[in-house]
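The structure appears right after this line, and notes come after that.
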Amino acid sequence: MMEDGLFRSNLYVFMSVAEEGSFSVAGRKLHVTQASVSQQIDKLEDSLRFKLFDRSSYRPVLTEAGRYFYEKCARLDALYRGIAQTARRKADTCGRLLRIGITGPIEQKHLPDIVQSYRALFPQVLTDIRLCTFAEGITGLEQHVLDAAFGLTNDFRNRKTLQCFPLTRHTISVVCSKRHPFAVKRNITGKELAGQPIISLFGFSDTAFFDDYLKSFEKDGVKPNIVRETDNLEELILAVKLNQGIALLAPEVIPEDTELCSIPVTGSHHHVDFCIGISKTNQKPYLLPFVRQVQTYFADLKA
């Protein structure tokens, strides 16, 4: 009874005597002597300042106060053990649960196949997929509310508590309305972006990726004319459709749409390095195997 219980040992001695109706039987059950049982009951009664048993007869009988005390202790002990058992189950589930942050179309396209192949190897693992921005993914890892997050390699720079695993490098395409002059082009050089109204994605002006985004323009010899920052891909695409400007996106995130044109950018320093990141202190046993599965999947895509 005492193992993993809520109370001190003398309370379990008392409960055993109350249940067995005998000091000697309780002692044998607890592997202690009858004298030790008697001493512990005496100490408990002294600390409580009332008698638990009437010992005037051959067998100890609970007093009215002792019976009330036993019933409440037994109820509390059962409640504690139930809570502990539930908590252990939750801890086990948490250890088998991978919380994965995704940012958009690239993961939505590939993650079902990745998870399916991973679950074939680890069927006991559960996955919780959460849509987030790049910044929210980083924060989720740092606050340990995410186990893994897809994102951009640049944003993991100088994040000492995090580790990122490069997956793939994407070239950049210009996305524009069919009414835009670029719509008739087969490709566009980086220098041709000069002066063009540009709509940027996710309002990422406070991220490391945005710093490299601007540096790529600088290396191309172009001063970017960013006229708007959007909160999500849908908002950006709508702005492009309305011919409010052009956008630079990885081809995989550009939706198929008859009102849009996607033109590869050549001779430019613009690119996107895609990765998956984790916290260096995350010790979940199924996390690194998942990361390796993701790496293998994207490596096979390149092959």
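The values are calculated or read from the model by the stated rules, or taken from the named source; none is laboratory data. Here the structure is a predicted model, which means the values were calculated and not measured. Glycine also receives a Cβ, built like all others from the backbone with ideal geometry; neighbour counts cover every protein chain displayed.
Quick notes on this structure:
- Complete set of residues in the stretch 68-108 that are touching a helix residue (DSSP H, G or I) at 6+ places or on another chain (Cβ under 8 Å), of a type outside the set (A, V, I, L, M, F, W, C) and assigned to a helix (DSSP H, G or I): TYR70, ASP77, PRO105
- Only residues that are aromatic (Phe, Trp, Tyr), free of Cβ contacts under 8 Å to residues at least 60 places away in the same chain and surrounded by 11 or more Cβ atoms within 10 Å (Cβ to Cβ) were counted in the stretch 51-100, giving 4.
- Filter result (loosely packed, with under 14 Cβ neighbours inside 10 Å and in contact with a helix residue (DSSP H, G or I) (Cβ under 7 Å, 6 or more places away or on another chain)) within the stretch 260-284: GLY267
- Only residues that are loosely packed, with under 13 Cβ neighbours inside 10 Å and farther than 18 Å from ARG8 by Cα were counted across the stretch 22-49, and they come to 1.
- ARG292 vs. criteria of a type in the set (D, E, K, R), farther than 23 Å from ASP113 by Cα and either in a strand (DSSP E or B) or in the same structural domain as LYS109 (by TED's automatic domain parsing) (or both): no
- Note on the stretch 124-162: residues that are among the polar types (S, T, N, Q), touching a residue at least 12 places away in the same chain (Cβ under 8 Å) and in a loop (DSSP other than H, G, I, E, B) total 4.
- The numbered conditions (1) closer than 27 Å to ASP257 by Cα; (2) out of contact with any Cys (no Cβ under 7 Å at 6 or more places or on another chain); (3) assigned to a strand (DSSP E or B) are all true for LEU111 except (3).
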